[in-house]
Amino acid sequence: MLKNNAFSPFRNPGLSCIHTLSFIFILALILFISTTNIYAAQVTLEWDSNTEPDIDGYKIHFGNSSRNYDSITDVGNQTSYTVKNLVEEQVYYFAVTAYDKYNNESDYSAEVFNTVQINNPPVLSSIG
């Protein structure tokens, strides 16, 4: 039997459970809030079509260092594409290749780069 001031982890197990659940909920909320806008950025690319008659499509190559592309997206025969889920405030390098119906692929286009900016809504400083 415990005296009034004796320590016991089982003294009020309901309160401990509530604190633990509150901590887990707050931690989950912080993680959700901190990750929802990380991949909200996007870049739209446009390019001139290749004039060869047997061109079947285009691929966008991109990555975080010049001429070192770790992502490739086949966009078919369209000449513009929006790359989504990019990390804000990160520099991305892009190049396009064309491929024909035999899967022969061209050299890279001229490279372009962009620092993806955070898209914050405008803030009104005063009304009047």
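Here, each number is a calculation from the coordinates, and none is a lab measurement. The structure displayed is predicted, hence computed values, not measured ones.
Averaging sequence separations of C-alpha pairs under 8 Å and six or more residues apart, then dividing by the length of the range 41-115, give the relative contact order as a whole percent. Don't skip to the end; give the middle numbers.
Numbers: 148 pairs, mean separation 26.5, N = 75.
Relative contact order here is 35 percent.
Name the long-range amide H neighbours of Glu88: under 5 Å, sequence gap of 5 or more, or other chain; modelled H, no Pro or chain starts.
Ala40, Ala41
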